[in-house]
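S.K.: Dumping the structure here so I can ask a few things about it.
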Amino acid sequence: MATLELRGITKRFPGVLANDSVDLKVSSGEILGLLGENGAGKTTLMNILYGLYSADEGEILIDDVPQSFAGPGDAIAAGIGMVHQHFMLVPVFTVTENVVLGVEPVGPGGVINIKEAKREVREISQRYGLEVDPDAIIEDIPVGIQQRVEIIKVLFRNAEFLIFDEPTAVLTPQEIEEFFGILNGLREAGKAIIFITHKLKEVIEVSDDIAVLRRGAMVGGADPATTTEADLANLMVGRPVELVVAKEDSEPGAQVLTVSDLVVLDDRDQVAVNSISFDVKAGEIVGVAGVQGNGQTELVEALTGLRGVAAGTVTIGGKDVTHATPRQIHESSVAHVPEDRQRSGLVMSFSITENMVLDGYYHEPYSSGIKMDWDSARSKAEELVEQYDVRTPGTEVAANTLSGGNQQKVIVAREFGRDVQLVVASQPTRGIDVGSIEYIHERIVEERDQGAALLIVSTELDEVMALSDRILVMFDGKVVAEYRGGAVTAEEIGLAMAGAAT
Amino acid sequence: MTAAATTPDAVIVRTPAEIKRSRYLGITYLFLAVVVLWFFARWSVDLGNFTFKLARPTDPSAPDLTLSAGRVTLIVGVILAAMGGVQLARGFGKMNNLVLAIGLFLFIFAFLGWATAQSSIGAFSMVGMMKTTIVRSVPITLGALAGVMSERVAVINIAIEGQLLGGAFVAVVVASPLTGGEDPTLILGSPIGGWIGVGAAVFAGMLLAWVLAVLSIRYVVDQIIVGVVITIFVTGMTSFLALRWLADNPELNKGPIFKSIGIPLLSDIPFLGPVLFDHNIFVFGSFILVAFLTFLLFRTRWGLRARAVGEHPKAADTLGVNVYRTRYLNVIIGGAVAGFGGAFFTLGSVGRFDENMTNGRGFIGLAAMIFGRWHPVGAMAAGLVFGFADAMSQTLGILQTGIPSEFLGMVPFIATILVVAGLVGKARPPAADGQPYIKQ
């Protein structure tokens, strides 16, 4: 029976105390759920454990023997394996090549014994029920299978302690169920597992023990048998959190967005959105659920004018905008919260003021002729920062100094801070803390109640279910199912997301 | 009996990109057919026969190939038209690339046939042209290999031209004083001094690569800028030294020329023997390097790690692969290959250094690397295409087609551009190409 223990781990980054004297312990045959918001220090802690960072204070013990890791190589040798949140797989390599990379079985002259490697991959995959094709190329296989490859990779290195960093973030509900099955199998095989997540339900479902991190410090533990989601949320955020979005029934008005037979191609000229039709009415939130990569990104880009439309029409407020430019669409009172806030939502090195007027800098009152009026821009920014509760030292600091949640609030403030008839929001709460999620959800419902039409695209099923008055499920570029909000279970949507409804 | 029922016609699902490409290829075939029928066939009717010589004049072992120009061009034109029709109607599926290769071969064959028939000579040495193709491809292939080694670990090497030129200069300057005088014993076609010159060229290539590696890996300077600067530096430096130093000391610029070695038995094969197996050590060296580097990159532990570093350095790092060391090593090996290629210009060819004698071959090598999709074999294939273009424009010059030879020399390049646009499509470089790796 092996145990892994962290004692008094402290890590400081310039200006931030990322880990504050953290203690943690996990033993063979046990799953420890490590819960915390984004930025709570979970990833830093695990990177220390994996040898990527070194701790300023504290020690790592395996079976009560202190360890020192100069790099991941040492941690791997000590039996620690990590399944990273962003998979560390080479997309153009085969499953086998990815598994053996770094510890290749070789013959004379450094020639890889690929047959032996495949045999070992097959053996591990059979022993732990991780079905994969050793010859498949990574970029051709679904994310759920890629995760299995990551697990096999770790087991191939004889890991006894497995760390999973946000493993469910990229999976469909069915894949998550399968993944929990795999976790239980690993536990029964005597592995010690640390399961990092911010999803309360999951941690209660699979863990034997729960530890909660908040602002770098361990704020307590909980017994999964007796705790509730509300208790955990309270611990995690430090105050009671409203987990359910409070909203009245919708009163849909006139059609605002009408999409008919829309076809959109992706960057490789493949059909990404395959002839879909739907509408969104005033005073209604329509949620689009689906596993990432089923055409949602292309759909949103087409609706906002960022991507050409191959066929079909898009009408907003009775005006045909199928081939309109982004600015024309923007000026038809459309707000867009983009999927990737750092790449397409903000200019990260610009100040908050500059970011706040990105959509209106070219007209009064922010500029006249060729001259910007920074005073009016600044006062507008200050007003929005105040109104949307953006936590920042001032409006002149660069966007990249804010936390993810506050960056997202800047975008929401800019986009919602004028009269809009349609909101297109993609992953509005991805990777931000529970407090900010709560806030942004309230704003979305508020927009609806003021009569806007909203299209919310999210891969977080809980989010879609909590917000939507109507739910569309996208699979393989098509809308494969439509449900009334509140009248459907996660399992039903999950099946549709996996393509079972077609 | 039931086979037809159980295996229904496989439905070929074609993506819009494939359909577009298929259409493009089809139109290209039709265009080539029109060229062949309209220009070559029409004018060839009265021209009579043409002759391709398949053996060297001294060696009558292979018969000549004599055909009627009118008939050949007519047949080729009809075949190309048919190919275009089929391609447009339903495509060739997986055979697309093979068909393209055949189509281009036929077109060039018809073109050469017409060109030969209309010239007053009426014949030319096919064996000579193919041999020239291979010789001319050597520096391009070696340059491309240097690029492959470097870019596979994600360091863009735009300094190939400089590495070739530096190798050429150093090789002759080191080899010249060591040879000459009494009749020396030859080792693989050269006195020992020639080999020392080659060694020095390899070292010079490695040194220049080391500069590239240090600046782009450790100091994270933009790799394109470093590469351009190295090339400009070497061009300026060698030109200066050639004018100011070699001009006054001609004995330093009189290197040995590596002699051809005929491989026993193989070089006696008709046609193929002289084309492939009777060359100097640089040609054989480039063949061996292509095979060896392919093996290294795709069969060994070292190659797997190198490719991982070029595709996803962070993944490699988390698995304990030393990203920096791998990059240094590969870039420097690439430099060694380029240095060897540089020695070809002097010791493998004319025996003396002339100002800027590489004349852009390094940049063509860079293009060959991309056409060859970052694969050693592909790099060689692309190198041969360029070598062929070179050899053909030389041949056309001899044949005096009436059309300016410079203009005819463009034909293969135009064909190359068409092929690359249609066939290669979007070549995909190593995913991390050009991105420095910064450890957190």
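S.K.: How big is D, in µm² s⁻¹, for segment B:78-209 by Stokes-Einstein at 20 °C and 1.002 mPa s if Rh is the Kirkwood radius over C-alpha pairs?
M.R.: 110 µm²/s
S.K.: What number, in percent, do you get for the relative contact order of segment B:16-118 if the mean sequence gap of Cα pairs under 8 Å and at least 6 apart is divided by its residue count?
M.R.: Reported as a whole number, the value is 40 percent.
S.K.: Ordered by residue, what ³J(HN,Hα) values in Hz, to whole numbers, does segment A:429-444 give under the Karplus form 6.51 cos²θ - 1.76 cosθ + 1.60, where θ = phi - 60° and Gly and Pro are x?
M.R.: Here the 3J(HN,Hα) series is 10, 4, x, 10, 6, 4, x, 5, 4, 4, 5, 5, 4, 4, 4, 4 Hz.
S.K.: So if I average 1/r over every pair of distinct C-alpha atoms in segment B:165-249 and take the inverse, what Kirkwood radius in Å does that give?
M.R.: About 14.4 Å, per the Kirkwood formula over Cα pairs.
S.K.: Evaluate the Debye formula for the protein assembly as shown with equal point scatterers sitting on the alpha carbons, no solvent, and hand back log10 of I(q)/I(0) at q = 0.05, 0.07, 0.08, 0.09 Å⁻¹, in q order, two decimals.
M.R.: Those come out to -0.41, -0.78, -0.98, -1.15, one per q.
S.K.: State, to one decimal in nm², a quarter of the convex hull surface area for the C-alpha atoms of chain B, i.e. the direction-averaged projected area.
M.R.: It is 27.6 nm².
S.K.: Could you work out the mean count of beta carbons from other protein chains within 10 Å of each residue's beta carbon in B:294-301?
M.R.: Whole-number average of other-chain Cβ neighbours for B:294-301 is 4.
S.K.: So how far apart, in nm, are the two label points at residue B:222 and residue A:358 if each is 7 Å from Cα heading toward Cβ?
M.R.: It is 2.4 nm.
S.K.: Also, quick follow-up: If I model a spin label at residue B:322 and residue B:295 as a point 7 Å from the Cα along the Cα→Cβ vector, what separation in nanometres do I get?
M.R.: The two pseudo-label positions are separated by 2.5 nm.
S.K.: Please give me, ordered by residue number, the trypsin sites (Lys or Arg not before Pro) of segment A:407-502 that lie in loop per DSSP and have at most 15 other Cβ atoms within 10 Å.
M.R.: For trypsin sites (Lys or Arg not before Pro) across segment A:407-502 that sit outside H, G, I, E and B with at most 15 neighbouring Cβ atoms in 10 Å, the list reads A:418.
S.K.: For residue A:217, what residues show an amide H to amide H distance below 5 Å, using hydrogens built from the backbone and excluding near sequence neighbours?
M.R.: Distant-sequence amide H within range of residue A:217: A:20.
S.K.: Enumerate the amide H contacts of residue B:355 below 5 Å, restricted to partners 5 or more residues apart or on another chain; note that Pro and chain-start residues carry no placed amide H.
M.R.: When sequence neighbours closer than 5 places are left aside, there are no close amide H contacts.
S.K.: Which semi-axis lengths, in whole Å and largest first, follow from the square roots of five times the eigenvalues of the Cα gyration tensor of segment A:3-237?
M.R.: They are 30, 21, 15 Å, listed from largest to smallest.
S.K.: Here's another thing I want to ask about it. Give me the one-decimal nm value for the distance between modelled label points at residue A:85 and residue A:274, 7 Å along each residue's Cα-to-Cβ direction.
M.R.: About 3.3 nm separates the two model spin labels.
S.K.: Rounded to whole Hz and in sequence order, give me ³J(HN,Hα) for segment A:232-242 from the Karplus expression 6.51 cos²θ - 1.76 cosθ + 1.60, θ = phi - 60°, writing x for Gly and Pro.
M.R.: For segment A:232-242, the Karplus-derived couplings read 5, 4, 4, 4, 5, 9, x, 7, x, 10, 7 Hz, x marking Gly and Pro.
S.K.: Ok, one more. How big is the accessible area of residue A:316 in square angstrom, nearest 10, if you roll a 1.4 angstrom probe over the protein chains?
M.R.: 0 Å²
S.K.: Sticking with this structure for a sec: For residue A:210, which sequence-distant residues (separation of 5 or more, or a different chain) have an amide H within less than 5 Å of its own amide H, given hydrogens modelled in the peptide plane?
M.R.: Distant-sequence amide H within range of residue A:210: A:33, A:222.
S.K.: In addition: Can you give the extra length, in nm with one decimal, that the chain gains between residue A:340 and residue A:371 once fully stretched, where that is 0.36 nm per residue apart less the Cα-Cα distance?
M.R.: Result: 8.1 nm gained on full extension.
S.K.: Could you check what % of the DSSP bridge pairs in the protein assembly as shown are antiparallel, to the nearest 5?
M.R.: Percentage antiparallel, nearest 5: 55.
S.K.: While we're here: How big is segment B:16-118 in terms of Cα radius of gyration and Dmax, in angstroms?
M.R.: Both quantities, over Cα of segment B:16-118: 15.9, 55 Å.
S.K.: If ligands, DNA and RNA are left out, what is the accessible area of residue A:86 with a 1.4 Å probe, given in Å² to the nearest 10?
M.R.: 140 Å²
S.K.: Quick one: Karplus J couplings for segment A:263-273, per residue in order, coefficients 6.51, -1.76, 1.60, θ = phi - 60°, nearest Hz, x for Gly and Pro?
M.R.: 10, 10, 9, 8, 5, 9, 6, 8, 5, 9, 10
S.K.: Return, for the Cα atoms of chain A, the radius of gyration and Dmax in Å, separated by a comma.
M.R.: When restricted to Cα atoms, chain A yields Rg and Dmax of 24.4, 74 Å.
S.K.: Which of the three applies to segment B:212-298, rounded, prolate or oblate, going by the alpha-carbon gyration tensor with a ≥ b ≥ c and a/c under 1.5 meaning rounded?
M.R.: In terms of gyration-tensor shape, oblate.
S.K.: Given Cα positions, please report Rg to Rh for segment A:33-121, the hydrodynamic radius being the Kirkwood one.
M.R.: 1.06
S.K.: Continuing with the same structure: With solvent modelled as a 1.4 Å probe, how much accessible area in total do chains A and B shield from it at their shared surface, in Å² to the nearest 100?
M.R.: Numbers: alone 22050 and 21640 Å², together 41470 Å².
Accessible area lost upon association: around 2200 Å².
S.K.: Next question. Would you work out if segment B:99-177 is rounded, prolate or oblate? Take a ≥ b ≥ c from the square roots of the eigenvalues of the alpha-carbon gyration tensor; rounded if a/c is under 1.5, else prolate when a/b is larger than b/c, oblate otherwise.
M.R.: Oblate shape, in that a/c is at least 1.5 and b/c is the bigger or equal ratio.
S.K.: Right, here's the next one. Tell me the volume per residue, in Å³, of the convex hull enclosing the alpha carbons of segment B:239-281. Let's see the in-between values first.
M.R.: Numbers: hull volume 3.8 nm³, N = 43.
Looking at segment B:239-281, the number lands at 89 Å³ per residue.
S.K.: Calculate the all-directions average of the projected area of segment A:409-498's alpha-carbon convex hull, and give it in nm². Intermediate results must be reported in sequence, preceding the final value.
M.R.: Values: hull surface 24.7 nm².
Reported value for the Cα convex hull: 6.2 nm².
The values are calculated or read from the model by the stated rules, or taken from the named source; none is laboratory data. Worth saying up front: this structure is predicted, and the values here are computed from it rather than measured. All Cβ positions, glycine included, derive from the backbone under ideal geometry; neighbour counts span all protein chains shown. Protein only, heavy atoms only, side chains kept; ligands, DNA and RNA dropped before computing areas. Shrake-Rupley method; radii C 1.70, N 1.55, O 1.52, S 1.80 Å.
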